[in-house]
């Protein structure tokens, strides 16, 4: 469950990665796929489950409020967008319910070729969450030595969520290749909107769908 916390905040643009369109190489403008303008926001809800080490099933629900809150100067001499995610997760069993809240920040830099994610505005180390133009089948690792791999698995997917019906979406799949922590996280992005739908699964003990409810893109 801790990985959900980390990835969800991150992907908050988890991030603007995937694209939509008929061009097999995908879009050429990063901002089309994850619109980074201060004041943009996305509100999504989650439904799913996870299984405890004792074999008990816990129902998962919650919400993700994602917001581009500021454009800041990084000490490396470039600008980054502050991206805030407020997460509310509710865990329910036949016997009890518990709720958690968390607020996470990441800092995003978009170039003509990449979307980079920084932990703060000081460190020059970053995670590579997208490469442009998006190309079907393209793969890369999050950072040197990382076991997290990304792959563009579709450029013509569809998603039907409360915010609307979105066709011709691109999907970027995030995969933890370490067999001990293995999971897949598919992120659907729609051109001009950003993340509209996400699916998390490790194939055994956890599954979740995150659907866009409402958004504002300036």
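Mind listing whichever residues of the range 61-78 are more than 22 Å from residue 216 (Cα to Cα) and either touching a strand residue (DSSP E or B) at 6+ places or on another chain (Cβ under 9 Å) or in contact (Cβ under 8 Å) with a residue 24 or more places away in the chain (or both)? Within the range 61-78, 61, 73, 74, 75, 76, 78 qualify.
For the range 146-198, a tally of residues being out of contact with any strand residue (DSSP E or B) (no Cβ under 9 Å at 6 or more places or on another chain) and either more than 21 Å from residue 65 (Cα to Cα) or crowded, with 23+ Cβ neighbours inside 10 Å (or both) returns 3. For residues that are within 20 Å of the chain's Cα centre (by Cα) and surrounded by 12 or more Cβ atoms within 10 Å (Cβ to Cβ), tally how many sit in the range 86-112. The number of residues fulfilling the criteria is 14. Please work out if residue 139 is surrounded by fewer than 16 Cβ atoms within 10 Å (Cβ to Cβ), in contact with a strand residue (DSSP E or B) (Cβ under 8 Å, 6 or more places away or on another chain), at pLDDT 95 or above and more than 24 Å from residue 40 (Cα to Cα). Answer is yes for this residue.
From (1) at pLDDT below 95; (2) over 21 Å from residue 63 (Cβ atoms); (3) assigned to a strand (DSSP E or B), pick out the condition that doesn't hold for residue 189. Status for residue 189: all satisfied but (2).
Can you tell me which residue is surrounded by the fewest Cβ atoms within 10 Å (Cβ to Cβ) among those in the range 118-136 that are over 19 Å from residue 35 (Cβ atoms) and without any contact (Cβ under 8 Å) to a residue 24 or more places away in the chain? My answer is 125.
The values are calculated or read from the model by the stated rules, or taken from the named source; none is laboratory data. Here the structure is a predicted model, which is why all the values come from computation and not from measurement. Cβ atoms come from the backbone with ideal geometry, glycine included; neighbour counts cover every protein chain shown.
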